[in-house]
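Engineer: If you scroll down you'll find the structure; I have some questions about it.
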């Protein structure tokens, strides 16, 4: 079965998998509270895009409270504990996105958590309609190429979040953000350059090497690690979008900036826990290991966490942790 349905006397949770993404469709007759505990490692964490389809939800984290209404979205992070509560007779879509994917696409992604900035109204409409359409169309069947579709969904989520209005602040934090954004854009543009180096990146923005390193330390990574992850991510996207193998693994490796195919294959396999020659098969399959449904008349327990092979490979359902969906009177 492509999706999982968990029911209680008050809630219905339908869970579908689109490649490495999970979409929870929650319908609640009564108010409920959904709590998360902090995930320590970035590679194990997910960002959650919450979209009220009807009613509204309240987000609470570190004493910060925000209300999101129908037709809006709010970005949540598993890198911090938080609580999400709903109004009665509400419906909520929750898209689980591997943290490493959004971090590789957006500068200072944590700044956007919790609805800190104003959303772009038109882009929000497009995003909400996209997620609602996907949840409806693929509720009981897999798309033709799930991994490629997952890539497009993540890209559009990043595009929409990137249009949020950060305001006209000229403080040090915003200046640092603008600089990091230029650097990220430069790296993206020159990923195929096999001689791309920290020195070349620093020179492109006319900053010192030490300052460049400090900018990447904001995300607890190094320049070299960031560039390699971006290259591997790009290679992954190319391979899953090419299930018939029109391009060889070697061609893809050179295209994303690797000098040595063997080094690329080892790095890819270590990063995604799957060989590059096998990853094309992931574009053809989308299987979720369904946990048992909650017993009728009891509160719904969502067993497990959305997980992935190290960093962000093909998604699967891991039954080693519990998230409780608490219903309140």
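The values are calculated or read from the model by the stated rules, or taken from the named source; none is laboratory data. On a predicted model such as this, the values are computed, not experimentally measured, just so you know. Cβ coordinates were reconstructed from backbone atoms using ideal geometry, including for glycine residues, and neighbour counts include every protein chain displayed.
Engineer: I'd like the residue in segment 112-123 that is modelled with pLDDT under 95 and buried (at least 16 other Cβ atoms within 10 Å of the Cβ) and, out of all such residues, is nearest to residue 83 (Cα to Cα).
Structural biologist: 114
Engineer: Next up: What strands (runs of 3 or more DSSP E) completely inside segment 19-62 contain at least 3 residues that are closer than 30 Å to residue 243 by Cβ and in contact with a strand residue (DSSP E or B) (Cβ under 7 Å, 6 or more places away or on another chain)?
Structural biologist: By residue number, 21-28, 46-54.
Engineer: Okay, moving on. Looking at (1) in contact (Cβ under 8 Å) with a residue 12 or more places away in the chain; (2) over 30 Å from residue 23 (Cα atoms); (3) within 27 Å of the chain's Cα centre (by Cα), which one does residue 205 not meet, given that it meets all the others?
Structural biologist: (3)
Engineer: Going through segment 30-43 one residue at a time, which ones are surrounded by fewer than 18 Cβ atoms within 10 Å (Cβ to Cβ) and either closer than 13 Å to residue 85 by Cα or modelled with pLDDT of 85 or more (or both)?
Structural biologist: Scanning segment 30-43 gives 30, 33, 35.
Engineer: Of all the residues that make up segment 146-169, how many are in contact with a strand residue (DSSP E or B) (Cβ under 9 Å, 6 or more places away or on another chain), surrounded by fewer than 16 Cβ atoms within 10 Å (Cβ to Cβ) and outside any loop (DSSP other than H, G, I, E, B)?
Structural biologist: Result for segment 146-169: 1.
Engineer: While we're looking at this one, here's another question. Go through (1) touching a helix residue (DSSP H, G or I) at 6+ places or on another chain (Cβ under 8 Å); (2) modelled with pLDDT under 85 one by one and return the number of the condition residue 153 breaks.
Structural biologist: So residue 153 meets the others, but not (2).
Engineer: Kindly provide the set of residues from segment 1-18 that are more than 24 Å from residue 240 (Cβ to Cβ) and at pLDDT 85 or above, ordered by number.
Structural biologist: Within segment 1-18, the first condition is being more than 24 Å from residue 240 (Cβ to Cβ), and the residues that meet it are 5-14.
Within segment 1-18, just 14 meets the criteria.
Engineer: Which residue out of 310, 292 is assigned to a loop (DSSP other than H, G, I, E, B), over 20 Å from residue 230 (Cβ atoms) and modelled with pLDDT under 50?
Structural biologist: The conditions single out 292.
Conditions (1) over 26 Å from residue 49 (Cα atoms); (2) more than 17 Å from the chain's Cα centre (by Cα); (3) outside any loop (DSSP other than H, G, I, E, B); (4) in contact (Cβ under 8 Å) with a residue 12 or more places away in the chain, marked per residue:
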position: 115; (1), (2), (3), (4): no, no, no, yes
position: 135; (1), (2), (3), (4): no, no, yes, yes
position: 139; (1), (2), (3), (4): no, yes, no, yes
position: 144; (1), (2), (3), (4): no, yes, no, no
position: 193; (1), (2), (3), (4): yes, yes, no, yes
position: 211; (1), (2), (3), (4): yes, yes, yes, no
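Engineer: Now for a different question. In segment 237-249, is there at least one residue being assigned to a helix (DSSP H, G or I), at pLDDT 90 or above and closer than 21 Å to residue 101 by Cα?
Structural biologist: Scanning segment 237-249 turns up at least one residue that is assigned to a helix (DSSP H, G or I), at pLDDT 90 or above and closer than 21 Å to residue 101 by Cα.
Engineer: Could you tell me whether residue 126 is surrounded by fewer than 18 Cβ atoms within 10 Å (Cβ to Cβ), within 19 Å of the chain's Cα centre (by Cα), under 28 Å from residue 174 (Cβ atoms) and not assigned by TED's automatic domain parsing to the domain that holds residue 179?
Structural biologist: yes
Engineer: Name every residue in segment 255-273 that is surrounded by fewer than 17 Cβ atoms within 10 Å (Cβ to Cβ) and touching a residue at least 12 places away in the same chain (Cβ under 8 Å), in order of residue number.
Structural biologist: If the condition is that a residue be surrounded by fewer than 17 Cβ atoms within 10 Å (Cβ to Cβ) and touching a residue at least 12 places away in the same chain (Cβ under 8 Å), then 255, 259, 261, 270, 273 are the ones that fit.
Engineer: Looking at this structure, is residue 76 in a strand (DSSP E or B), touching a strand residue (DSSP E or B) at 6+ places or on another chain (Cβ under 7 Å) and either assigned by TED's automatic domain parsing to the domain that holds residue 158 or more than 23 Å from residue 130 (Cβ to Cβ) (or both)?
Structural biologist: So residue 76 passes the test.
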